[in-house]
Every structure is written in structure tokens, then in C-alpha cells.
Amino acid sequence: SKTIQLMGDSDLVMSELAKIMKQIEAMRQEFKSRFDSMQSEIKALQETTKQHQAALETYKKEDDERDQSKSSEQVVNPWEVSAKDGGKIDYDKLIDKFGCKRLDKSLIDRVQRLTSREPHVFLRRGVFFAHRDFDKILDAYERGDMFYLYTGRGPSSESLHLGHLIPFLFTKYLQEAFKVPVVIQITDDEKCMWKNLKPKESKRLGRENVKDIIACGFDVTKTFIFSNFDFYGGVFHENAVEVSKCVTLNKAIAIYGFSGEDHIGKLSFPPVQAAPSFASTFPHLFPGEENLRCLIPCAIDQDPYFRMTRDGENGKMSASDPNSAIYVTDTAEEIKNKINRYAFSGGQDSVEKHREVGANLEVDIPVKYLSFFMEDDTELEHIKKEYGEGRMLSGEVKKRLTEVLTETVERHRRARANVTDEMVEAFMAMRPLPSMFE
């Protein structure tokens, strides 16, 4: 009987031990699972750390290269244009660096043939001098496929200067010549991040700039002007996100020169400027036309934004330096004073020497301005010849430039005076443009 009882107690103990062992095994499995998970997280953190370290090393290397480049060569990006010792920008080097092509005479002649009108002075004189796939746009246009134009403005000042007008005057010509629509982005968000403006002030400056843009003569039936603060969202946001996913931190640093001191808002902006180059960003304009091509007239310092989506003389005019540019609000007297006091002359130190060797047209700022804003090709060539051979003096060239720019500014001022708030609302209204290709 005792033996049987002992056997019974042993079974009970073994049963309890089995339960305990099961609990221990369950705890072991749970611990192993947690340990494996922790190991995976540690590996992920290590990989992320490696990536960050690699990005930091790449940035340090490229930052050193940029510092060396700034001291020895030229810097051209969306926020800075400068050359060594205040010298000339080497545009041939820029074309090679950015992977562009020269806008040669064959393309310009082709534009004339396709549009049946004389090419714009900015094309004839090489103001717009490089392109990326403009020939493909013309190929498509010749087949009957249309395209749209996209340009923009970052509102950093109350009014525009003449340098700001150039891309808009050229875009307006393209709109008329090819009979195509244009979208114009007002990057009021960008200026809050780069100029430390408050959104309300940046939006106010943007609307003032819109009046100057409208005064260039755009067709309201073919033009949509939008503020990023007001329009950003929906498909626009979706496209910006898609662009963002295609650009690594290393690539952004290499293209734009961002540093560890820049806030993350700057990193987020380039996709916002790139997204309007996709027609699907504007479903109210181009429904079902997601593959519609886009032509972007812009200064070459803006090229990185659009190069990213695809895998001035002595610097540029500055809105923060009123003496570096002629503003569309300048009076005739202010224009005259700026030209006489600040426009660098290629003339010689004395009349006698000037008569002997002539002017250096390569460095003469008044001649550069005349190349932009004097319509008459014959008169421009006459001035270059006479001035370059010493028969015309610097004062005479500056006097003629004063007349040309005063007329240009006065014409723009009259046009702007006729732009009402209602016209601004009409251009910025989100609406279809049914006759945009007519």
C-alpha cells in the first residue's frame, strides 16, 4: 500500500515538473524572440549609423571641395552666383558641369521655321544659351504634340528688377510663338526659409510680384499663376513626395551644397519646385495628359532643381543690393545715376588711349545691358563697332543705355499701373483653360 502511494506521489511531482518545464520553455522562447528582435534592431541601427557616417563623410569631402572651389573657381547654384576675384562666369564650364548643350544656330533657325516669326532677341544674342532636350520638344511639336511652359518667381522684394523680368519676357514670347499655356510658380514658401520672412509678408510680396509678371503681357486665357502656400496639396504634394523618394541625402548635398547648419525645411523645398514640371500636378489644366511635355525657361542657376528630377557677369543682380540692379520702380534720374556711377565701363583711362585701343567689350556692363534690352540689332552692332574701335566714348554708350532702360522701365510701369487686384485674382484662380492651345 505504501509503495502504491509513493508511486502516486511521484506521478504528481512529475506532472508539476512538466508544467514548470513547459513554462520555462515558453519563457525561453519569448526571451529568444525578444533577443532576436533586439538583435535586428541593433543591426538596423548599426546600418543607419553607417549610412549617416557615410553621408557625413561625403558631405565633409564635398564641403571641402566647395570651399576650395569658392576660393579658386566659380560658384553657381540657386542661391549664389560668383566667380573667382569677382571675375567672369565661365558658361562653357557650366554647360559641361550641368550636362547641358549649347543652343546653337540650327535650333534657333528651327524655332523660326516652326513659329513663322523672328526669334526673340534673347535667342538671337545668346542670352538664353543652353538647353536640355529642347530639340526633343521641337521634334514633338513638329509631330503635332503640344507642351506647356513653366517658370516662377521667389518673392524677396516689393518690385522686380530688370534681371527678374528677363525669364518672364522670354516665356511670354514662347507662349505667343508656340501658342501654349504657361504655369508660373510663386515660391513664397521658399523665401520664408531662405530670407527668414514671415508667411504673411512673403505672400504679400508674392502678390505684388504677380502684378509685375502680369504686366509683361501674359494671356490670361493661357496662364495660371499660383502661390505655393495656397496651391500646395493634393496631386502637387503627391508628386513632390515621389520626387523626394528618388533623391538621396548625399545627392541633395552634392547638388545644392546643403550643410549641417541648414534647417530641414531647405531640404524639403527642391521637390516642391520640381513637381510643377510634371503635368499631373495640374489636374484642373491637363486632365488625362500626364505625359504632356514641359519646357522650363530659367536662369542656369535654377537648373539643379530640374536636373535633380532627371538623374551673370560678375555674379548676379541682387534684390538685397539696390545699386546692383535697375528696378522697375526706379525713376529716370535713379536709372541715370546708377548707370553713370555703378555700371563698370570697358573704356580706357584717358580719351587719348581710348581713341587708340578702343573699349574692352567683354567687361563693359552698359554693352551687356544693351545686348539684353536694345531691340535694334543694327544699332547694337554699330555701337559695339564704334565703341570697340574707340570712336565712341563710354559716356555716349551710357547715355544711350540710359535712354533704352528708361523707356523699358516706363513702359513696364504703365502696364503695371493697369493691373488690378481683380486681374490678379483672375490669373491665380484655379480653373480650366479651354483655349490654352489655340
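State whether the range 147-198 is rounded, prolate or oblate according to the following rule on the C-alpha gyration tensor (a ≥ b ≥ c being the square roots of its eigenvalues): a/c under 1.5 gives rounded; otherwise a/b larger than b/c gives prolate, and the remaining case gives oblate. Before the final figure, lay out each step's value.
Values: a/c = 4.38, a/b = 1.95, b/c = 2.24.
Verdict is oblate for the range 147-198.
Along the Cα→Cβ direction, 7 angstrom out, place labels at Arg34 and Thr420. What is the inter-label distance in nm?
Inter-label distance under the simple model: 7.4 nm.
What is the Cα coordinate range of the range 194-307 on the first, second and third principal axes, sorted by size from largest, in whole angstrom?
Here the Cα extents, ordered largest to smallest, are 44, 35, 28 Å.
What FRET efficiency do you get for Ala44 and Met14 if R0 is 56 Å and r is their Cβ-Cβ distance, rounded to the nearest 0.05? Walk me through the intermediate numbers first.
Working: r = 45 Å, r/R0 = 0.80.
With R0 = 56 Å, the Cβ-Cβ based efficiency is 0.80.
Shape verdict for the range 194-240, please, from the Cα gyration tensor: rounded (a/c under 1.5), prolate (a/b greater than b/c) or oblate.
Numbers: a/c = 2.90, a/b = 1.13, b/c = 2.57.
In terms of gyration-tensor shape, oblate.
What full-extension length gain, to one decimal in nm, is calculated for Glu334 and Val363 as 0.36 nm per residue of separation minus the Cα-Cα distance? Could you put the intermediate results ahead of the total?
Values: separation 29, 0.36 × 29 = 10.44 nm, distance 2.28 nm.
That works out to 8.2 nm of additional length.
Once you put a point 7 Å from the Cα of Arg341 and another 7 Å from the Cα of Glu176, both along the Cβ direction, what distance in nm separates them?
The answer from the label model is 3.5 nm.
Can you compute the FRET efficiency between Cys294 and Asp262 using 1/(1 + (r/R0)^6), with r the Cβ-Cβ distance and R0 = 30 Å? Round to the nearest 0.05.
Values: r = 28 Å, r/R0 = 0.94.
Efficiency computed from Cβ-Cβ geometry: 0.60.
Please tell me which of these pairs span more than 31 angstrom C-alpha to C-alpha: Lys136/Lys195; Lys101/Lys198; Lys179/Lys399; Lys105/Lys203; Lys101/Lys266? Each step should come with its number before you reach the end.
Values: Lys136/Lys195 37 Å; Lys101/Lys198 39 Å; Lys179/Lys399 38 Å; Lys105/Lys203 41 Å; Lys101/Lys266 29 Å.
Check vs 31 Å cut-off fails for Lys136/Lys195; Lys101/Lys198; Lys179/Lys399; Lys105/Lys203.
What number, in percent, do you get for the relative contact order of the range 115-243 if the mean sequence gap of Cα pairs under 8 Å and at least 6 apart is divided by its residue count?
Details: 130 pairs, mean separation 34.4, N = 129.
Over the range 115-243, the number comes to 27 percent.
Report the residues of the range 169-194 in range of a label on Leu114: point 7 Å along Cα→C-beta, backbone N strictly under 14 Å from it.
174-181
Using the Cα gyration tensor of the range 143-243, with a ≥ b ≥ c the square roots of its eigenvalues, what is the shape: rounded (a/c below 1.5), prolate (a/b larger than b/c) or oblate (neither)? Don't skip to the answer; put the middle values down first.
Values: a/c = 2.31, a/b = 1.26, b/c = 1.83.
Oblate.
So, with a 1.4 angstrom probe, what is the percent of accessible area on the range 90-227 that is carbon and sulfur?
Numbers: 2680 of 5490 Å².
Reported share for carbon and sulfur atoms: 49 percent.
Residues with beta-carbon under 10 Å from that of Gly154, excluding Gly154: net charge, scoring Lys, Arg +1 and Asp, Glu -1? Present the calculation step by step, with values, prior to reporting the outcome.
Values: positive: Arg153, Lys191, Lys195; negative: Asp188, Asp189, Glu190.
Net local charge, Gly154 excluded: 0.
Less than 12 Å Cβ to Cβ from Thr329, Lys/Arg counted +1 and Asp/Glu -1: what total charge do the surrounding residues give?
On the way: positive: Lys211, Arg413, Arg416; negative: Glu158, Glu208, Asp212, Asp330, Glu334, Glu410.
Residues close to Thr329 contribute a combined charge of -3.
If each Cα of the range 96-192 is one equal point scatterer, what is log10 of I(q)/I(0) from the Debye formula at q = 0.22 Å⁻¹?
-1.29
Tell me the Rg and the Dmax, in Å, that the Cα atoms of the range 335-438 produce.
19.8, 64
The values are calculated or read from the model by the stated rules, or taken from the named source; none is laboratory data. The structure presented is a predicted model; accordingly, all values stated were derived computationally and were not measured. Don't worry about glycine lacking a Cβ; one is built from the backbone with ideal geometry, like all the others, and counts go over all protein chains shown. Ligands, DNA and RNA are excluded from the accessible area calculation, which covers all protein heavy atoms including side chains. Shrake-Rupley method; radii C 1.70, N 1.55, O 1.52, S 1.80 Å.
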